[in-house]
Amino acid sequence: MENWADSARINLEIVAGKYKIKLKVIHAENGEDVVQQLNAINFDGVIMDYNMEPYRGDKYIDDIRFEEHLGHIPIIFYSQDNTTDLDSLVEKHANVVTVYRPNLEDKIKELFF
């Protein structure tokens, strides 16, 4: 069985094809990998999990926003745990939207399609 990330990627590729949007999904092994990739490649958006390794996702959002040239990139910050107050963790950052896992794919479609 595919994990939910693979399923989400496939669904997004289908939607992108429908709207003739070029989409490339790049997986990061951990939060530090995300920051390195953002510094190496131009991205249109980031989907950040709260449960990252070795730190939480909000720490990596802080790192991304610390880099001036990455401030414009929209970030969707999500968690499977709906008891986590995501908004309070990223309220100081512009262009960050929070969502809980059951609504993640819909939020991605809303923001990027």
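Structure summary
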{"item": "Assigned charges on the beta-carbon of Lys, Arg, Asp, Glu; the stretch 1-85 dipole about Cα centre (debye)", "result": "560 debye"}
{"item": "Cα gyration tensor, the stretch 71-113 - rounded (a/c under 1.5), prolate or oblate", "result": "oblate"}
{"item": "Highest-fluctuation residue, Tyr60, Tyr78, Tyr19 considered, GNM on the chain with Cα pairs under 10 Å", "result": "Tyr19"}
{"item": "Cα gyration tensor shape of the stretch 1-72, rounded if a/c is under 1.5, else prolate or oblate by comparing a/b with b/c", "result": "oblate"}
{"item": "Residue-wise HN-Hα coupling along the stretch 70-87, computed from phi with Karplus coefficients 6.51, -1.76, 1.60 (Hz; x: Gly, Pro)", "result": "9, x, 7, 6, x, 10, 9, 10, 10, 8, 7, 9, 6, 8, 7, 7, 4, 4"}
{"item": "Filter on Lys59/Lys107; Lys24/Lys59; Lys22/Lys109; Lys22/Lys59; Lys20/Lys109 - keep pairs with C-alpha separation over 18 Å", "result": "Lys59/Lys107; Lys24/Lys59; Lys22/Lys59"}
{"item": "Listed residues Ala16, Ala94, Ala40, most fluctuating in the chain (Gaussian network, C-alpha, under 10 Å)", "result": "Ala40"}
{"item": "Relative contact order, percent, the chain [alpha-carbon distance under 8 Å, six or more residues apart]", "result": "22 percent"}
{"item": "Accessible surface of the chain, 1.4 Å probe, proportion on carbon and sulfur as whole %", "result": "48 percent"}
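The values are calculated or read from the model by the stated rules, or taken from the named source; none is laboratory data. The model shown is predicted, which means the values in this text are computed figures rather than measured ones. When we count neighbours, we look across all protein chains shown, and the Cβ atoms used for this are built from the backbone with ideal geometry, even at glycine. What goes into the accessible areas is simple: the full protein's heavy atoms, side chains included, and nothing from ligands, DNA or RNA. Shrake-Rupley method; radii C 1.70, N 1.55, O 1.52, S 1.80 Å.
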